[in-house]
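*Asks:* To start, I am sharing the structure in question, which I have written as C-alpha cells.
Readers should treat all values here as calculations from the given coordinates under stated rules, not as data from a laboratory. Being a predicted model, the structure only gives us computed values, none of them experimental. Please note: Cβ atoms are built from the backbone with ideal geometry, for glycine as well, and neighbour counts cover all protein chains shown.
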Amino acid sequence: MARRTTGYLDPGRDFVRVKQGFSWPALFFGIFWASAKKTWGALFLMLLVEIVLFALGVAVQASGSLWLALGQLLLQVAYVVLRGCFGNAWWRASLRRRGYHVVVEKPAPAP
C-alpha cells in the first residue's frame with residue numbers, strides 16, 4: 001500500500017521525499033531523529049519536554065505515590081505518541097523554512 005508523499009527540492013538541487021502521516025522514526029528515536037532531520041525547533045521542544053518529564057519523574061519517585069507514577073507514565077506515553085503524530089509535519093515545516101519547495105505530490109492510490 002503506497003503512502004501519500006511530498007517531494008521537496010532546495011535551490012542546491014537536493015531532493016527530499018517526506019511521507020504524510022505518522023512518523024515511526026520520530027516516535028522511537030525522538031531527539032536523535034530531530035537532530036538528523038535538522039528540525040531545530042522540534043529538537044528544542046523535545047529537549048524541553050524531556051527535561052520537564054525527567055524532573056517530574058524524580059519528584060514522583062521521591063513521593064512514592066502509585067497514582068502520581070501512573071499519571072507520569074500516561075504523560076510520557078502521550079508525549080511519545082504526539083511526537084510520532086507531528087514528526088513529519090515538523091520536518092516539512094523545517095524544509096520550507098530552509099528554502100525547499102514542493103515539486104512532487106504523490107497521492108495515495110484509490111482503493
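*Asks:* Using a Gaussian network model on the chain with a 10 Å cutoff between Cα atoms, which of Leu95, Leu70, Leu47 fluctuates the most?
*Replies:* Largest GNM mean-square fluctuation: Leu70.
*Asks:* Can you list the residues, at least 5 places off or on another chain, whose amide H is less than 5 Å from the amide H of Gln20, using H built in the peptide plane?
*Replies:* Arg4, Thr5, Thr6
*Asks:* Further, regarding this structure: Placing +1 at every Lys and Arg Cβ and -1 at every Asp and Glu Cβ, with all other atoms neutral, what dipole size does region 38-111 have around its Cα centre, in debye to the nearest 20? If you can, show how the numbers build up before the last one.
*Replies:* Details: 7 positive and 2 negative charges, 87 e Å.
For region 38-111, the charge dipole is close to 420 debye.
*Asks:* May I ask you to list, by number, the DSSP H helices of the chain whose Cα span along the axis is at least 20 Å and whose average Kyte-Doolittle hydropathy reaches 1.6 or more?
*Replies:* Details: long enough: 40-63 (34 Å, 2.05); 66-97 (44 Å, 0.66).
Passing helices, by number: 40-63.
*Asks:* Counting only C-alpha contacts under 8 Å and six or more residues apart, can you give the relative contact order of region 6-95 as a whole percent? Please report the intermediate quantities before stating the final value.
*Replies:* Numbers: 75 pairs, mean separation 38.1, N = 90.
Relative contact order here is 42 percent.
*Asks:* Taking the Cα-to-Cβ direction at Leu47 and at Phe15 and moving 7 Å from each Cα, how far apart do the two end points lie in nm?
*Replies:* Result: 3.4 nm between the two label points.
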